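Just so it is clear, none of the values below were taken in a lab; they were calculated from the coordinates. Quick caveat, the model's predicted, so the values are computed rather than measured. FYI the Cβ positions are ideal-geometry reconstructions off the backbone, even for glycines, and counts take in every protein chain you see.
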Amino acid sequence: MNEKRAILGLKVVLWICALTPAAWLGAAFFFDAYAANPVAKVSLGANPIEKLTHVTGMTTLVLLLITLSVTPVRRLTGWNRVIKLRRPLGLFAFFYAFLHFSIWSGLDQTFVWAWMIEDVIERPYITVGFAGFIILIPLAITSTTGWIRRLGTRWAVLHHGVYLTATLGVIHFYWLVKADVRLPLFLGTCLALLLGWRVVFSIRKRRRVSPRKDTAPATP
Amino acid sequence: MMIRTRKPSDVPSSEITPEDVYVNRRRFIRNAAVGAAALAIAPRALRGINDGPAQQVPARFANMKSELGEELNPYRDITTYNNFYEFGTQKEDPSRNAGDFQPAPWSIRVEGLVNNPGDYNLEDFIGPSNVEDRVYRMRCVEAWSVVVPWRGFPLADVVKRADPMGDAKYVEFKTVVRPSEMPGQRTRVLDWPYVEGLRLDEAMNPLTLMTTGVYGMDLPNQNGAPLRLIMPWKYGFKGIKSIVSMNFVEEMPRNTWWVQNRREYGFFANVNPQVDHPRWTQKRERRLGELRRRETLMFNGYTDEVQSMYEGMDLTRWI
């Protein structure tokens, strides 16, 4: 019972934290538009469309990485219920990716299809960002319990797509900065650790499943 | 009576209005009316309008426009959104982190292949020249732009006073190095000091402005106090800030962004919508304060003033 409570508490924290960037942008928008902005720090600044794009993009990446850390945390702590956080985290990541894409296409490119198509085809950083977003769409759709049941073992395979999206997302970020690659490299390192852990874990698991008699560790 | 003469930088009306817009002008007007109505309701925030305490600017700037009739960007845009990596790599960093910088006293060294080398304090350096306001467009290599009323004097004055020798072909400029006052210099994001250069004829071009102020006031620290360059037909990164030295040389200077990535940033860095940055398009730009991107003009709209300097040069190669 206590564990259930803990998860519920964590979910509340998750919702509050995940909605904070959107709330901040909304507040900044409101202050800029309708109030004589009393809070200079809460402002979209001189290039609001860029600010909206950057904040939603950054939030997407961070949420993707947190989503990818759920399973390692579960295995390392043995706390299985933490898996309950994975779906809302993933869906929040999709929510911000969707906002990011909408802001780019609607506000930045003002729905000029020719510009957007040119960018998606000719600008590698946009190509990979766009691909990462497209991959995320079926994952968001099939995140419901019904779809999980329907797809069975194929569901897990399909949802490995999130590894690809996260990788493309980090590349997207790395390729768009001019000189200061510290932040993209940091996120890339986090991603490499999270994916690397999975590789090591699955190798060990395979060994445990089919132990050779002579090398099998003595289990106490 | 005010007589309007056509300045060389004036764009003929036939170039301003795209043909399809002209042909379909009735539809365009109707669409524009719908658009205007939508814009009136659409929150001003998206266009980056910031209310609240703003710097008081001298009254003469109230209705000032560029030679193309463009409105000036507010003081706030210009001073809170710019690149000055010495203070950090985000656009807001310079305005946040430049508070400790001491632009006075200041001295500039003029050296190299000149007959009058020397160290000047700022007042003597500016002294003999007439300081004036000039409204220029600024186009950043990152595809955003602003219209700014700079204040300064022609760099040509300085060059003439320095009296270059015959073999001086280029001028190399350097930014001050003060990691204690410039937090961005504490990490090697770029190879400090920031270096920029101009060919001698570019330095002598009447458009090239040794800039000391904006909106009639001294340059704020974040915009390159107390002395910076502005070449409005080049991408913004050529406009080196907080200059401490000018060196007249024979060889093409190795400017900082060229050293950083020569495939992406050249020595000339002339605004050119036909040559894309390897990673993004240079065909269009976002003018701060506008919703829809606008077309980028060749040489940022200063073709008549500068084109002759680049006759016969392949501008797709000499980026």
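Structural remarks
- The protein assembly as shown, dipole about Cα centre (Lys/Arg Cβ +1, Asp/Glu Cβ -1), debye to the nearest 20: 4160 debye
- Ranked list, fewest to most other Cβ atoms within 10 Å of each Cβ, for B:Leu198, A:Leu194: A:Leu194, B:Leu198
- Using a Förster distance of 56 Å, the FRET efficiency for B:Asp304-B:Asp119 (Cβ separation, nearest 0.05): 0.90
- Among A:Leu194, B:Tyr215, A:Leu52 - extreme Cα towards positive end, dipole of the protein assembly as shown, charges at beta-carbon: A:Leu194
- Among the listed pairs A:Lys84/A:Lys205; A:Lys4/A:Lys84; A:Lys11/A:Lys84; A:Lys11/A:Lys51; A:Lys178/B:Lys283; B:Lys91/B:Lys238, those beyond 20 Å (Cα-Cα): A:Lys84/A:Lys205; A:Lys11/A:Lys51
- Nearest-ten-degree value, helix A:2-34 long axis tilted from longest Cα axis of chain A: 20 degrees
- Radius 13 Å from Cβ of A:Met116, net charge of other residues (Lys, Arg +1; Asp, Glu -1): -1
- Among B:Lys283, B:Lys234, A:Lys41, sorting on how many other beta-carbon atoms sit within 10 Å of each Cβ, with the fewest leading, yields A:Lys41, B:Lys283, B:Lys234.
- Equivalent ellipsoid semi-axes - Cα gyration tensor, chain A, angstrom: 36, 22, 17
- Semi-axis lengths (Å, descending) of the ellipsoid that matches the C-alpha gyration tensor of the protein assembly as shown: 50, 29, 23
- Take every pair of alpha-carbon atoms less than 8 Å apart whose residues are at least six positions apart; their mean separation over the length of chain A yields a relative contact order of 17 percent.
- Dimensions in Å of region A:57-104 - Rg and Dmax from alpha carbons: 12.2, 41
- Cα centroid separation, region B:265-286 to region A:182-203 (Å): 35 Å
- Considering only B:Ile243, B:Ile78, A:Ser105, and ranking their Cα positions along the charge dipole of the protein assembly as shown that arises from unit charges at the beta-carbon of Lys, Arg, Asp and Glu, the one farthest toward the positive end is A:Ser105.
- In the protein assembly as shown, helical runs assigned H by DSSP with n ≥ 4 each contribute -39500 (n - 2.57); averaged across all residues and rounded to the nearest 500, the mean residue ellipticity at 222 nm is -13500 deg cm²/dmol.
- On full extension, the segment bounded by A:Leu195 and A:Val209 gains 2.9 nm, given 0.36 nm per residue less the C-alpha separation.
- Distance between region B:162-199 and region A:54-79 - C-alpha centres, whole angstrom: 43 Å
- Shape call, region B:64-310: gyration tensor on alpha carbons, a/c limit 1.5: rounded
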